[in-house]
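Visitor: Once you've had a glance at the structure underneath, I'll fire off some questions.
Values quoted throughout were computed directly from the atomic coordinates according to the rules given, and no laboratory measurement underlies them. Just so you know, these numbers come straight off a predicted model, no measurement behind them. Here the Cβ positions follow ideal geometry from the backbone for every residue, glycine too, while neighbour counts run over all protein chains shown.
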C-alpha cells in the first residue's frame with residue numbers, strides 16, 4: 001500500500017445504525033449535523049462522512065433535500081472533504097441510496113463492495129426503552145436483512161457517480177470485498193489511487209481481531225500493490241485500538257459517532273470532535289502527522305471542493 005506520510009482522519013458524523021435513544025449526543029437535525037461536522041474538521045478531520053436523518057424522529061433519511069439542509073453550511077465553514085454515503089440505511093433501495101451523491105456530485109462517496117448480512121439487532125437488547133416507535137423494529141429487523149450490493153449495483157454506482165468526477169471510499173466488510181474491488185479495477189471501471197476503508201466488528205462481516213486487520217492489509221497488498229491507501233474503522237469498543245493499529249501500519253483512520261458512541265469504557269462521547277481530538281492526540285504522541293484537507297485531496301486525487309454541486 002501507499003504508506004501515508006500524513007494520516008487522513010475521517011469522521012463519520014451520525015450514520016444509519018445508531019438510534020436516538022442510544023445517546024443524547026447523536027446528531028439528528030441539520031443544525032446538529034452541520035455543527036458537529038464543522039467542529040470535527042476544526043479538531044483535525046480532513047474528511048467528513050455524512051448521512052442525514054429526519055429531524056423529528058432521528059430515522060435515517062436519504063432524500064437529497066435533507067442533505068441539502070446541511071451540505072452548503074458545512075462547506076461554507078470548513079475546507080474538509082465532504083464524503084456522502086451511498087449505503088444509506090437498512091432497507092433502502094439503490095436509487096434512494098445514490099440520490100444525494102447524484103444530486104450534489106461530492107468529491108468522495110462511499111461504495112460498499114459486496115452484499116452481506118448486516119445484523120445490528122444486538123443493540124436492541126441493550127436498551128429497554130426507546131423514544132421513537134421505529135427504533136426497536138429497525139434494529140430487530142436487521143436479523144433478516146441483507147445489505148444488497150450486487151455486482152450490477154456496484155458497477156452502476158461507480159459509473160454514474162464517477163461520471164461526475166466523484167471518487168470513492170471503498171467500504172470492505174470482509175476479505176471477499178477486496179477481490180470484488182480488484183475485479184472492477186482490472187476492468188478499469190475505477191482508477192487508482194484507491195481509498196480502501198476496511199471495516200471490522202459488524203456482525204455479518206469480518207471480526208474485530210487484530211490478525212484480521214493484518215490479513216486484510218496483506219490481501220490488499222497482493223491485489224493492489226502501491227495503488228491504494230488503507231483506512232480502518234471498527235465498531236464500538238474496538239474503535240480506538242483498531243484505528244491506532246492502522247496508523248502504526250502506515251494507514252489512515254476513521255472515527256465518529258456512526259462507528260462508536262463512546263469516548264472510553266462506559267463513557268458516552270459528547271461530540272464527534274471529542275473522538276477526533278482523542279485519536280489526534282494518540283497519533284501525535286506516536287510522532288505521526290495529521291493530513292490537512294489539502295494534503296488529503298492531493299493523496300486521493302479528488303476533484304476539489306470547488307467542483308461539487310452544492
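Visitor: Given the C-alpha centroids of region 26-85 and region 155-204, what is the distance between them in whole angstrom?
Guide: Distance between centres, Cα-based: 23 Å.
Visitor: Could you give the semi-axes, largest first, of the ellipsoid that matches region 250-310, computed as the square roots of 5 times the alpha carbon gyration tensor eigenvalues and rounded to whole Å?
Guide: 26, 17, 9
Visitor: Counting helices only, and only those DSSP H runs with n ≥ 4, report the 222 nm mean residue ellipticity of the chain as the sum of -39,500 (n - 2.57) divided by its residues, in deg cm²/dmol to the nearest 500.
Guide: Taking each H run of at least 4 residues, the total per residue is -11000 deg cm²/dmol.
Visitor: So, one more: Hey, of [x] 22.2, 80; [y] 17.5, 49; [z] 18.4, 57, which did the structure itself give for Rg and Dmax of the Cα atoms in Å when calculated?
Guide: [y]
Visitor: For residue 79 and residue 23, compute 0.36 nm times the residue count separating them, minus their Cα-Cα distance, and round to one decimal in nm.
Guide: 17.3 nm
Visitor: Sticking with this structure for a sec: List, largest first, the extents of the alpha carbons of region 30-79 along their principal axes, each in whole Å.
Guide: Per principal axis, max minus min of the Cα coordinates gives 29, 16, 15 Å.
Visitor: Test of understanding: ordering 267, 297 by Cβ neighbours within 10 Å, fewest first, what list do you get?
Guide: Ordered by Cβ neighbours within 10 Å, fewest first: 267, 297.
Visitor: Computed FRET efficiency, Cβ-Cβ of residue 287 and residue 221, R0 25 Å: what is it to the nearest 0.05?
Guide: Efficiency, rounded to the nearest 0.05: 0.55.
Visitor: Do you know the relative contact order of region 157-310, to the nearest whole percent, from alpha carbon pairs under 8 angstrom that are 6+ apart?
Guide: Taking the mean separation of contacting Cα pairs over the length of region 157-310, I get 18 percent.
Visitor: At residue 128 and residue 6, where each label point lies 7 Å from the Cα along Cα→Cβ, what is the point-to-point distance in nanometres?
Guide: Once both label points are built, they end up 5.0 nm from each other.
Visitor: Further question on the same structure: Compute the FRET efficiency between residue 298 and residue 54 as 1/(1 + (r/R0)^6), taking r as their Cβ-Cβ distance and R0 = 45 Å, and round to the nearest 0.05.
Guide: Using R0 = 45 Å, I get an efficiency of 0.75.
Visitor: Further question: Ratio of region 35-164's C-alpha Rg to 2.2 N^0.38 Å, to two decimals?
Guide: For region 35-164, the normalised Cα radius of gyration is 1.13.
Visitor: Let me ask something else about it. Per-residue counts of other Cβ atoms within 10 Å, averaged by peptide: what ranking do you get for 193-199, 8-14, highest first?
Guide: Answer by packing, highest mean first, reads 8-14, 193-199.
Visitor: In what order do 67, 151 fall by count of nearby beta-carbon atoms within 10 Å, going from fewest to most?
Guide: Least to most surrounded, the residues fall as 151, 67.
Visitor: Fewest to most neighbouring Cβ within 10 Å: what's the order for 143, 188, 6?
Guide: Fewest-to-most ranking of 143, 188, 6: 188, 143, 6.
Visitor: When a/c is below 1.5 the answer is rounded, else prolate if a/b is larger than b/c, else oblate, so apply that to region 174-310 with a ≥ b ≥ c taken from the square roots of the Cα gyration tensor eigenvalues.
Guide: In terms of gyration-tensor shape, oblate.
Visitor: Which whole-number percent is the relative contact order of the chain (Cα, under 8 Å, 6+ apart)?
Guide: After rounding, I find 25 percent.
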